[in-house]
Structures are given as C-alpha cells and as structure tokens.
Amino acid sequence: MIAPERLWVLTSEALRDTIIRQLPGIPKQQVIAEPLQRNTAPAIGLIAHVLASMDPDAVMGVFPADHVIGKVAAFQAVVRAALKSATAGHLTVVGIKPRWAETGYGYIEFPRGIATGAKPLPVRRFHEKPEIAKARRYLAAGNYYWNSGMFFWRARVLLDELRRHLPRTAAVLASLPAWGARDFFTHLKQAFPLCDNISIDYAVLEKAAKVSGIAAADFGWNDVGSWNAVYELMERDAAGNALANESVCLDARNNFVDARGKLVALVGVQNLIVVDTPDALLIADRSRAQQVGDVVKALEKRRRDDLL
C-alpha cells in the first residue's frame with residue numbers, strides 16, 4: 001500500500017543500526033533515533049514536523065512496531081478507510097473489537113448500537129486501562145473497543161492540535177529546522193529533551209473536540225505486549241496448553257510454558273504462565289499477565305538492574 005521510500009521509523013539510538021539492517025528497503029536516513037525517550041506525543045509530533053516541512057498536505061499513519069497482523073487484506077481495508085478519513089481532515093483512530101476483558105489496554109467508547117466495519121464513527125470518549133470488573137462491563141456493552149495505538153491524520157492537523165493542547169512541545173518542535181537542513185540533528189539533540197513526556201492519547205486525543213474512529217472487524221491483531229498475548233499467538237494442544245518445550249500435562253488446561261532446556265510437568269493446574277530463564281522464574285495467572293510490569297517496578301526499587 002505504501003512504498004518503502006514513504007516509510008519512516010522513530011526509535012532509540014541503541015536500536016537504530018539493527019533496524020536499518022532489518023529494513024534495507026527503507027532509506028536509512030528515515031530511521032530516526034530520538035535523542036531522549038519522551039513518549040508518543042513528542043515522537044509523533046516530530047515526524048509530523050518532518051513530513052509537513054516536506055509536504056504541507058502530507059497525510060500520515062502511525063503504527064506501533066510491536067504488533068502482529070494476521071489478516072493482511074482485512075487490515076488493508078481498515079487502513080484505506082482511515083487514510084480517507086484523515087485526508088478529509090479528521091483525527092482518526094483504530095479500535096479493535098475486544099476478544100476478552102483485557103486490563104492492559106485502553107478502550108475507545110463508540111456510540112451504542114454500532115456495528116464493526118471500516119466506516120469512521122464518532123468517538124464518544126477514551127478510557128484508560130480499567131480494573132477487571134470494568135473491563136468485563138466494557139466487553140459486555142459491545143461499544144467499547146481496544147485502543148490499537150494506530151492513528152491517522154494530516155500532519156498539519158496534528159501540529160495544530162499540539163499547539164492547542166501541548167503548546168510547549170509544539171513550540172520546541174516548531175523551532176526545529178526543516179527536514180534536510182544540515183544542522184537538523186544538532187538542533188534535534190538540543191531541543192527534543194525539552195518536550196513534555198506525555199502520550200498522544202493524554203496530550204491530544206482525550207482533549208480534541210472531534211475524533212473519528214473505526215470499529216474494526218477482526219484483522220488478526222495482537223500487540224504482543226504480555227505473555228498472555230504470546231499465548232494467543234502460539235499453537236495449543238487439545239487442552240489449550242501452549243508449550244515451548246517438552247512438557248507433561250496431567251489434567252492441566254490453558255497454560256503457557258516456556259522453560260527451555262528442561263522438562264516441565266503440569267498437574268491439575270490451569271490458566272498459568274510459566275517462564276523460566278537462567279536467572280529468574282515467572283509463575284503467574286494468565287488473567288494477571290499485565291502485572292508482570294509491577295515486578296519490574298519492584299526490582300527497580302530494589303536496584304536489581306542485573307535482573308532487568
């Protein structure tokens with residue numbers, strides 16, 4: 001749908017060389033390393049500035065790089081509809097019909113009685129990651145969709161919204177020279193750390209007056225953001241167990257096991273995540289897979305950087 005010369009990647013300095021090797025079709029100057037991680041609002045604003053300096057009418061789509069898309073044709077239909085909406089001047093987001101009561105995703109609230117499809121609809125409200133009881137209500141209601149983190153808009157429209165809702169960051173980005181200037185990266189290194197550290201959802205989408213969304217039909221989406229998401233991608237046996245190595249399962253159902261180099265025996269357990277590495281062992285309920293992030297925070301407080 002989009003030629004490689006029109007693709008851009010924003011990443012960290014540590015990953016830039018690897019990404020350039022992995023994506024030889026994309027011009028290497030279009031793989032940009034952020035001088036400092038400042039969340040998605042400054043990152044997306046930076047690319048909008050670059051594109052708008054090249055083409056005032058540029059329309060952009062934003063795609064997180066850690067997603068798996070299983071049904072390409074269905075996904076392309078959604079992208080075409082979203083780009084058409086963005087070309088008309090709308091801030092457009094993509095919602096994913098929830099398959100379970102997930103607490104690790106934000107939600108998009110559409111009007112009641114909607115049907116899935118590729119037609120843009122008004123977004124009533126964005127909701128942050130919910131507690132499990134609220135996630136179950138969202139699932140039952142039928143008009144709450146997972147926020148995919150995919151966004152479409154004219155670059156100039158996005159920059160206007162940043163000026164309205166995040167003026168300091170907008171001013172920092174506006175101070176950068178046009179893309180292609182010899183001193184672009186010198187200015188970027190000095191200016192970018194001054195941007196607000198905030199997501200595009202908080203900064204713009206939750207405040208913008210009119211946001212459109214596509215309540216997308218299933219296109220095989222998975223963000224691979226938790227061990228439960230990995231479980232959903234793997235082949236499973238007749239009892240629903242996803243096993244990355246040889247295991248013995250006796251009256252065990254719907255478990256995920258990755259403990260390479262050793263036999264794992266599961267007896268009378270269900271809905272577990274078991275991940276074994278040389279220096280750590282994780283055992284968790286699959287429904288609480290997102291709380292693995294809390295373990296990371298606990299280790300940071302203990303200053304156990306050797307385990308992170």
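The values are calculated or read from the model by the stated rules, or taken from the named source; none is laboratory data. This structure is a prediction, so every number in the text was calculated from the model and none was measured. So basically every Cβ, Gly included, is an ideal-geometry build from the backbone, and we count neighbours across all protein chains shown.
So, of the residues in region 267-296 that are of a type in the set (S, T, N, Q) and without any contact (Cβ under 8 Å) to a residue 40 or more places away in the chain, which turns out to be farthest from Ala242 (Cα to Cα)? If we take residues in region 267-296 being of a type in the set (S, T, N, Q) and without any contact (Cβ under 8 Å) to a residue 40 or more places away in the chain, then Gln291 is farthest from Ala242 (Cα to Cα). For the condition over 23 Å from His127 (Cβ atoms) and at pLDDT 95 or above, Met60 qualifies.
Out of Pro64, Pro56, Pro27, Pro42, one residue alone is free of Cβ contacts under 8 Å to residues at least 24 places away in the same chain and within 29 Å of Ser85 (Cα to Cα). It is Pro27.
Every residue, every condition in (1) farther than 16 Å from Ile44 by Cα; (2) outside any helix (DSSP H, G or I); (3) small (Gly, Ala, Ser), yes or no:
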{"site": "Arg182", "(1), (2), (3)": "yes, yes, no"}
{"site": "Thr186", "(1), (2), (3)": "yes, no, no"}
{"site": "Pro193", "(1), (2), (3)": "no, no, no"}
{"site": "Tyr202", "(1), (2), (3)": "no, no, no"}
{"site": "Ala215", "(1), (2), (3)": "yes, yes, yes"}
{"site": "Val224", "(1), (2), (3)": "yes, yes, no"}
{"site": "Ala229", "(1), (2), (3)": "yes, no, yes"}
{"site": "Ala238", "(1), (2), (3)": "yes, yes, yes"}
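Number of residues in region 250-263 that are buried (at least 18 other Cβ atoms within 10 Å of the Cβ) and not in a loop (DSSP other than H, G, I, E, B): the value is 3.
Being assigned by TED's automatic domain parsing to the domain that holds Thr40, under 30 Å from Arg80 (Cβ atoms) and surrounded by 14 or more Cβ atoms within 10 Å (Cβ to Cβ): is that true of Leu159 here? Spell out the reasoning first.
Numbers: assigned by TED's automatic domain parsing to the domain that holds Thr40: yes; under 30 Å from Arg80 (Cβ atoms): yes; surrounded by 14 or more Cβ atoms within 10 Å (Cβ to Cβ): yes.
It is true that Leu159 is assigned by TED's automatic domain parsing to the domain that holds Thr40, under 30 Å from Arg80 (Cβ atoms) and surrounded by 14 or more Cβ atoms within 10 Å (Cβ to Cβ).
I'd like to know if region 111-119 contains one or more residues that are of a type in the set (A, V, I, L, M, F, W, C), in contact with a helix residue (DSSP H, G or I) (Cβ under 6 Å, 6 or more places away or on another chain), surrounded by 12 or more Cβ atoms within 10 Å (Cβ to Cβ) and touching a residue at least 24 places away in the same chain (Cβ under 8 Å).
Let us first name the residues in region 111-119 that are of a type in the set (A, V, I, L, M, F, W, C), namely 114-115, 118.
Next, from what is left, pick out any that are in contact with a helix residue (DSSP H, G or I) (Cβ under 6 Å, 6 or more places away or on another chain): 118.
With the extra rule that they be surrounded by 12 or more Cβ atoms within 10 Å (Cβ to Cβ), the set shrinks to 118.
Add one more test, that the residue is touching a residue at least 24 places away in the same chain (Cβ under 8 Å), and what stays is 118.
The answer is yes; a qualifying residue exists.
When each of Val31, Val50, Val68 is tested for being in contact with a Ser or Thr (Cβ under 7 Å, 6 or more places away or on another chain) and farther than 21 Å from Lys210 by Cα, the lone residue that passes is Val31.
Between Asp258, Asp285, which is farther than 26 Å from Ala65 by Cα and touching a Leu at 6+ places or on another chain (Cβ under 9 Å)?
Only one candidate passes the filter, namely Asp285.
Of these, Ala170, Ala118, which one is more than 23 Å from Asn228 (Cα to Cα), in a loop (DSSP other than H, G, I, E, B) and either small (Gly, Ala, Ser) or not assigned by TED's automatic domain parsing to the domain that holds Ala48 (or both)? Don't jump to the end; show me each part of the working.
Numbers: Ala170 fails: in a loop (DSSP other than H, G, I, E, B).
The unique qualifying residue is Ala118.
For region 148-169, a residue qualifies if it is in contact with a Leu (Cβ under 9 Å, 6 or more places away or on another chain), closer than 13 Å to Ile200 by Cα and of a type outside the set (Ser, Thr, Tyr), and the qualifying residues are Phe151, Phe152, Trp153, Leu158, Leu159, Glu161, Leu162. In region 19-72, the residue that is surrounded by the most Cβ atoms within 10 Å (Cβ to Cβ) out of those that are of a type in the set (Gly, Ala, Ser) and over 26 Å from Leu205 (Cα atoms) is Gly70. For region 235-249, the tally of residues that are within 28 Å of Tyr145 (Cα to Cα) and loosely packed, with under 14 Cβ neighbours inside 10 Å stands at 1. Listed by position, the strands (runs of 3 or more DSSP E) contained in region 7-94 that have at least 2 residues being among the charged types (D, E, K, R) and under 20 Å from the mean Cα position of the chain (by Cα) form an empty set.
When you scan region 277-295, how many residues do you find that are among the β-branched types (Val, Ile, Thr) and surrounded by 12 or more Cβ atoms within 10 Å (Cβ to Cβ)? Show your work before the answer.
Initially, region 277-295 is screened for residues among the β-branched types (Val, Ile, Thr), giving 277, 283, 292, 295.
Now narrow it down to the ones that are surrounded by 12 or more Cβ atoms within 10 Å (Cβ to Cβ): 292, 295.
So the count comes out to 2.
Answer yes or no as to whether Asp218 is under 26 Å from the mean Cα position of the chain (by Cα), in contact (Cβ under 8 Å) with a residue 24 or more places away in the chain, under 23 Å from Pro98 (Cα atoms) and surrounded by fewer than 17 Cβ atoms within 10 Å (Cβ to Cβ). Here the answer is yes, as Asp218 does meet what is asked. Would you call Val274 out of contact with any Leu (no Cβ under 6 Å at 6 or more places or on another chain), outside any helix (DSSP H, G or I) and buried (at least 16 other Cβ atoms within 10 Å of the Cβ)? Taking the combined requirement at face value, the residue satisfies it. Does any residue of region 239-260 turn out to be more than 23 Å from Asn39 (Cα to Cα) and touching a residue at least 60 places away in the same chain (Cβ under 8 Å)? No, region 239-260 contains no residue that is more than 23 Å from Asn39 (Cα to Cα) and touching a residue at least 60 places away in the same chain (Cβ under 8 Å).
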